[in-house]
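The values are calculated or read from the model by the stated rules, or taken from the named source; none is laboratory data. Bear in mind the structure is a predicted one, so any value in this text is a computation, not a measurement. Cβ: placed from backbone, ideal geometry, glycine included. Neighbour counts: every protein chain shown.
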């Protein structure tokens, strides 16, 4: 079945006769010029773009960029939210043989400076005044910058700088060139080859400087074929683009499969309106990161906390019925007769309305891509009737496994995807002695841009790509992701445990926004630093007739500490004795990427946090009940100060004596 689905798409002449995404775009616009390709909500109104519309905009921008001197092998950095101009810019650059670096909109000027220098960026194509300001700040320190092009001119009317160009001005110049030479654009596009670098996708840089993974056109076709062989995406599927193109997953789904399937790609009005737009569109397909699915689950849980007793009782009953039917079927078991009889009523009264309110009523392909997510989150959505699937892979070698078919194990990352022979050999894997997953096959690993030494480090002597992931395989061939090999930890007693496995399950709690597990070869037990969820707990405090003044005050309230302790105890029941969290403390302030505590993709900077909160960590392992901290902070207006706080350390279960005895020993 999987091969048949992919074969249908990859027998389409628009695909088979093309070697690059811009060539597919040309073919689509010629074959079905009036068919709907994209839709964007702007100022409250949905605007629709046919394939002819998209081609016209891509062509005009591409020839305008060509006029500026951008050409084959050059790099263009795109900074902005998921809007049509972002996608058009990528296709335009690739039409000329250029490569694209897509950047998270909230990255700092210093981070952008590093990426621009490393990628040899020649043109910045950005969304608005905020991004223009960042680029102007660093442009003078970069060689070879020829333009800063912006597509939203709000606030920029008085700006005067020789590098600045508006998107419209560049496109108008390109349109005039097309009028003068109607064959020029197609001639540029025809030069494209499968090995051309289409994208530089930068690693997150949690342990070292980010590295630009060279993503070829062949890689994008290959990975699209893998997905289309694993899940059913019919032509015309309505897709919501939300995850940033800075993440290679969206390069595969929105930008590539959007052309190859093809899908109708829907752009939300903005990050703040995403939930409203999801409900309004009720799309067929969407891909979120695990964190975004967890946030959606937390929203449901938080709303149920504030619901009346009758509504809450109906919700709990319907979700129980959903679990007893949908989850049982998913895991290959036959639901009980009682559950099957109750399901139509549960659907009519609760479940269908719950899906509709979340905008997931028609979501045939709801996918989670990236890091590990707690099985409880998957079970919650399946109980609602949303068939949430996991997709696992690595930027360097693409998507590797996925939940396929009607039955799969939620504790796993799914089965191995199939490679279309046109794009490479079948995927092969092996598990090294230390549990690390090695992979080869498909379009392969293209290397890191301008970093041959790092490229060599990522490969074994016999050509396998070393993923750095610790995994195991089930008896029936499904992959289980445990943790990063470097993140698997040993306590001083020799006990080995997977911190990420614990973190994903604790993060499922509506009261916990993020956390960091502690415990290494110098420590006798597992502990945790927890970042509470301010929004959810604010409502909980209000409902329980308590009060608080600041985040710090809320995080240290005895009632909140007891609430978090109960959540930790619940997860401890799933763990072997030596892996259980014995003590924890709540962070006294919200973690902030501007202070280096998080990456821009909201991943913890663990080494930095351990150093910053070293006194708190020592208090946890020293058996102290509390500690006074002084933390340097930067306020929103740029002022610097010091936060002086008293932080409590909380024991879990019988941890007070166990932890202190182990520490003393």
Subject >> Residues located in the range 240-250, provided they are in contact with a helix residue (DSSP H, G or I) (Cβ under 8 Å, 6 or more places away or on another chain) and surrounded by fewer than 24 Cβ atoms within 10 Å (Cβ to Cβ) >> reply: 242, 243, 244
Subject >> Residues being within 19 Å of residue 539 (Cβ to Cβ) and either outside any helix (DSSP H, G or I) or not assigned by TED's automatic domain parsing to the domain that holds residue 353 (or both) - total across the range 293-332 >> reply: 2
**OP:** Please indicate, with yes or no, whether at least one residue in the range 502-515 is in the same structural domain as residue 647 (by TED's automatic domain parsing) and free of Cβ contacts under 8 Å to residues at least 12 places away in the same chain.
**Re:** no
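Of all the residues that make up the range 259-279, how many are under 24 Å from residue 128 (Cβ atoms) and either assigned by TED's automatic domain parsing to the domain that holds residue 535 or in contact (Cβ under 8 Å) with a residue 40 or more places away in the chain (or both)? Walk me through it before giving the result.
Residues of the range 259-279 that are under 24 Å from residue 128 (Cβ atoms), as a first pass: 265-278.
With the extra rule that they be either assigned by TED's automatic domain parsing to the domain that holds residue 535 or in contact (Cβ under 8 Å) with a residue 40 or more places away in the chain (or both), the set shrinks to 265-271, 273, 275, 277-278.
The number of residues fulfilling the criteria is 11.
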**OP:** Report whether or not residue 566 is touching a helix residue (DSSP H, G or I) at 6+ places or on another chain (Cβ under 8 Å), modelled with pLDDT of 90 or more and either farther than 19 Å from residue 627 by Cα or part of a strand (DSSP E or B) (or both).
**Re:** no
**OP:** Scan the range 276-295 for residues that are surrounded by fewer than 18 Cβ atoms within 10 Å (Cβ to Cβ) and under 14 Å from residue 354 (Cβ atoms) and report the count.
**Re:** 2
Original post:
Inside the range 227-261, can you point out the residues that are closer than 17 Å to residue 54 by Cβ and assigned to a loop (DSSP other than H, G, I, E, B)?
Top reply: 235, 236, 241, 245, 261
Original post:
When you look at residue 511, is it surrounded by 19 or more Cβ atoms within 10 Å (Cβ to Cβ), under 22 Å from the mean Cα position of the chain (by Cα) and over 30 Å from residue 300 (Cα atoms), yes or no?
Top reply: no
**OP:** May I ask you to list pairs of residues, at least six apart or on different chains, whose Cβ atoms are under 8 Å apart, with the first in the range 57-75 being without any contact (Cβ under 8 Å) to a residue 40 or more places away in the chain and the second being part of a helix (DSSP H, G or I)?
**Re:** 58/22; 58/25; 58/88; 58/91; 58/92; 58/95
Original post:
Are any residues in the range 281-291 in a helix (DSSP H, G or I) and at pLDDT 85 or above, and if so, which ones?
Top reply: 290
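How many residues does the range 515-530 contain that are under 20 Å from the mean Cα position of the chain (by Cα) and crowded, with 22+ Cβ neighbours inside 10 Å? Break it down stepwise before answering.
Step one: list which residues in the range 515-530 are under 20 Å from the mean Cα position of the chain (by Cα), which gives 515-516.
Narrowing further to those that are crowded, with 22+ Cβ neighbours inside 10 Å: 515.
Of the residues in the range 515-530, 1 are under 20 Å from the mean Cα position of the chain (by Cα) and crowded, with 22+ Cβ neighbours inside 10 Å.
Is it true that some residue in the range 464-471 is out of contact with any strand residue (DSSP E or B) (no Cβ under 9 Å at 6 or more places or on another chain) and either surrounded by 18 or more Cβ atoms within 10 Å (Cβ to Cβ) or outside the structural domain of residue 377 (by TED's automatic domain parsing) (or both)? Break it down into steps so the answer makes sense when it comes.
Filtering the range 464-471 for residues out of contact with any strand residue (DSSP E or B) (no Cβ under 9 Å at 6 or more places or on another chain) gives none.
Taking every residue of the range 464-471 in turn, none turns out to be out of contact with any strand residue (DSSP E or B) (no Cβ under 9 Å at 6 or more places or on another chain) and either surrounded by 18 or more Cβ atoms within 10 Å (Cβ to Cβ) or outside the structural domain of residue 377 (by TED's automatic domain parsing) (or both).
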**OP:** Output the number of residues of the range 484-496 satisfying the condition of being crowded, with 18+ Cβ neighbours inside 10 Å and in contact (Cβ under 8 Å) with a residue 40 or more places away in the chain.
**Re:** 2
Original post:
How many of the residues making up the range 570-590 are under 29 Å from the mean Cα position of the chain (by Cα) and either crowded, with 19+ Cβ neighbours inside 10 Å or in a helix (DSSP H, G or I) (or both)?
Top reply: 11
**OP:** Answer with yes or no whether residue 224 is within 18 Å of the chain's Cα centre (by Cα), part of a helix (DSSP H, G or I) and at pLDDT 95 or above.
**Re:** yes
Original post:
Which residue, of 200, 220, is closer than 16 Å to residue 17 by Cα, in contact with a strand residue (DSSP E or B) (Cβ under 7 Å, 6 or more places away or on another chain) and in contact (Cβ under 8 Å) with a residue 40 or more places away in the chain?
Top reply: 220
**OP:** Report yes if residue 606 is in contact with a strand residue (DSSP E or B) (Cβ under 8 Å, 6 or more places away or on another chain), at pLDDT below 85 and over 17 Å from residue 108 (Cα atoms), otherwise no.
**Re:** yes
**OP:** Filter the range 198-221 down to residues that are within 18 Å of residue 71 (Cα to Cα) and out of contact with any helix residue (DSSP H, G or I) (no Cβ under 8 Å at 6 or more places or on another chain), then give me how many there are.
**Re:** 2
Subject >> Residue count for the range 599-630, restricted to those that are in contact with a helix residue (DSSP H, G or I) (Cβ under 7 Å, 6 or more places away or on another chain) and surrounded by 17 or more Cβ atoms within 10 Å (Cβ to Cβ) >> reply: 7
Subject >> Every pair of residues 6+ apart whose Cβ atoms lie under 8 Å, when the first sits in the range 540-559 and is in contact (Cβ under 8 Å) with a residue 60 or more places away in the chain while the second is loosely packed, with under 13 Cβ neighbours inside 10 Å >> reply: 556/646
